[in-house]
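Laboratory data are not the source of any read-out in this text; all were calculated from the coordinates shown. No experiment lies behind these values; they were computed from the predicted model shown. Methodologically, a virtual Cβ is constructed for each residue, glycine included, from the backbone with ideal geometry; neighbour enumeration extends over all protein chains shown.
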Amino acid sequence: MNYDIKIVGENRDHGQIEFDRLGLLAKSTKEIAQKALMLKVFGFSDIELSAQFKRASEIRLEKLVSDEVNGTTMLIDCNYFADSVKSFQLDAFKPELWGDLQQLTPMALVIKSFRAALIDSEDKDNLDKSLLKSLIKFKKNFSGKNQVFHLSNRQTVPEIELKIDDFKKIELLEENIPEPGKVTVLGTFDELKYSKQKVVLVTLDGTINATVRDEALFLQMLEYVGKELTITGMAHYKPNGKLSFIEINNFSEPGKADKYFTKIPQALTVQQQIDYQLKERKSLNPFASIMGKWPGEESWEEIIHELD
């Protein structure tokens, strides 16, 4: 699948790209693609890629054209994940995830990540703190305040236009992510085969993504695969206040009191909770659904009169 990166607008170099900046652009774009892929697959982006995922996130420069009038245009090519990921064991993915992911490419994830960060109506569930930091680092590719980057793939995925002032919004979004907090959660421990850093805790409230940085602790936990555990650690959140993952610091066999720790922790504000519920119900006015259903179907005037 082909994509275009176009750089225009700076009077000093007319969008032309110097060789060192080309390397920086390649590195920063690839970093976003890889972190977005890890977020899709494992639920958080700050995780080391296996050799297979590195191959799946390959981005190739097919053509570069640059002049003083039209700036710089790069033709980029990369594979659909349906082709590059087909040899993986699909039990690493949620079934609904694979249906979405196989029609995407590394560059599509880059574009979708910027759109999620900059467009209010886009799903913030596709972002986390580490990925946002990589989006912010992309600002280093700009050589001046008038420069504009266009990322597109010729209408298959909606394009995004990037200006240097846009990064203020991304920085604010990253800064306003709820701070990590200590949590205790009870659930059934499970291990994912494709990353030693990623484990899963299955609770009555849903599935939690977790990571175990301490290798000795991870080896101890392997004895409890399929069994209930109470874990303690630091909860990391997404921009929408929903849990991203828990960094496990310790664990124990559950006690009687631990049954109170089966809820998935969230850091939603009251307004965020209201907005989330409205979105889930797909209604901007849930109160309207009960209008006309009062006993006797009295009007508001009649009800107010009775209260007087």
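Taking the Cα-to-Cβ direction at Q102 and at E161 and moving 7 Å from each Cα, how far apart do the two end points lie in nm?
Between Q102 and E161, the label points sit 3.6 nm apart.
Collect residues whose amide H, placed 1.01 Å from N in the peptide plane, falls under 5 Å from the amide H of T203; neighbours closer than 5 in sequence don't count.
T188, I208
Using a Förster radius of 35 Å, what is the FRET efficiency between T207 and K137 based on their Cβ-Cβ separation? Nearest 0.05, please.
Values: r = 30 Å, r/R0 = 0.87.
Efficiency, rounded to the nearest 0.05: 0.70.
Give me the number: length gained by fully extending L219 to N249, i.e. 0.36 nm times residue separation minus the C-alpha to C-alpha distance, one decimal in nm. Please report the intermediate quantities before stating the final value.
Details: separation 30, 0.36 × 30 = 10.80 nm, distance 1.31 nm.
Between L219 and N249, full extension yields 9.5 nm more.
If you stretched the chain out fully between K145 and E175, how much longer would it get, using 0.36 nm times the residue separation minus the C-alpha to C-alpha distance? All intermediate terms of the calculation are to be shown ahead of the outcome.
Details: separation 30, 0.36 × 30 = 10.80 nm, distance 2.25 nm.
Length gained between K145 and E175: 8.5 nm.
How high is the relative contact order of the stretch 2-175? Use alpha-carbon pairs under 8 Å, at least six apart in sequence, and give a whole percent.
Normalised by residue count, the contact order of the stretch 2-175 is 31 percent.
Based on the mean of other beta carbon atoms within 10 Å per residue, what is the order of 107-118, 207-218, most packed first?
On the way: 107-118: 23.0, 207-218: 16.4.
The packing order, highest mean first, is 107-118, 207-218.
If you split all Cα-Cα distances of the stretch 2-175 into 5 Å bins from zero, what percentages do you get per bin, shortest first?
Once binned at 5 Å, the Cα pair distances of the stretch 2-175 give 1, 8, 17, 22, 20, 15, 9, 4, 2, 0, 0.
Pairs of alpha-carbon atoms within less than 8 angstrom and 6+ residues apart define the contacts here; what relative contact order does the stretch 181-261 have, in percent? Write down the numbers at each step before the final one.
Details: 154 pairs, mean separation 27.0, N = 81.
Computed over the stretch 181-261, the figure is 33 percent.
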